[in-house]
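What follows is a single structure, written as C-alpha cells, with notes after it.
Coordinate-derived values only; no laboratory data. Note that the structure is a prediction, hence the values are computed from the model and not measured. Glycine also receives a Cβ, built like all others from the backbone with ideal geometry; neighbour counts cover every protein chain displayed.
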Amino acid sequence: MAEKRGSAIVATSLIMCLVVLFNCAVVEADTYIVGSASGWTFDVVGWPKGTNFKEGDILVFNYTPGTHNVVVVDESGYNRCTSPSGARVYQTGKDQIKLVKGQNYFICSFSGHCESGMKIAITAT
C-alpha cells in the first residue's frame with residue numbers, strides 16, 4: 001500500500017514539474033524595437049540580420065502616425081512592395097505585432113517607402 005502511495009506522489013511530482021517547465025518555455029518571448037533607436041524608417045530592411053527570432057516574439061514599430069504605417073504582407077507583397085486587398089494595416093505609431101512561426105513580412109505602404117527599404121522579412125522558429 002505504501003509503495004502505491006509513493007509511486008502516485010512521484011508521478012504527481014513529475015507531472016507538476018513538466019507543467020512548470022512547459023509554462024516557462026511558453027513565456028520566453030522577447031520584444032524587439034524595429035530599427036532600434038531609429039525606429040521604423042527608411043533603409044531598415046537589413047535590421048533583422050543576425051537576430052534569431054522565435055514564434056511569439058513581439059516587434060514594436062515606432063514611427064510618426066500619418067507619415068508611415070505597417071502592413072503585414074506575404075512574400076509577393078514584400079518583393080513587389082504592394083499590399084493586397086484586405087491586408088492588416090497598423091497605423092498607431094507604436095504598433096506591437098506578435099511573430100508567427102515561419103515567414104513574417106512587413107512593409108510601409110506609403111508611396112515609395114517600401115522601395116526605399118522600409119520593409120523587413122523575418123523568419124521565426
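Quick rundown of the values:
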| quantity | calculated |
| --- | --- |
| Fraction of antiparallel bridges per DSSP, region 29-124 only, in percent to nearest 5 | 75 |
| Extension gain, T51 back to S85 (0.36 nm per residue minus Cα-Cα distance, nm) | 9.2 nm |
| Inter-site label distance for S76 and I33 at 7 Å from Cα along Cβ, in nm | 3.7 |
| Nonlocal amide H pairs with V45, under 5 Å, H built at 1.01 Å | K119 |
| Förster radius 30 Å - calculated FRET efficiency between D43 and K98, Cβ distance, rounded to 0.05 | 0.75 |
| Amide hydrogen neighbours beyond the local backbone of E55, cut-off 5 Å, H modeled | T125 |
| Dipole magnitude of region 29-124 about its Cα centre (Cβ charges: Lys, Arg +1; Asp, Glu -1), debye to nearest 20 | 80 |
| Shape call, region 40-117: gyration tensor on alpha carbons, a/c limit 1.5 | rounded |
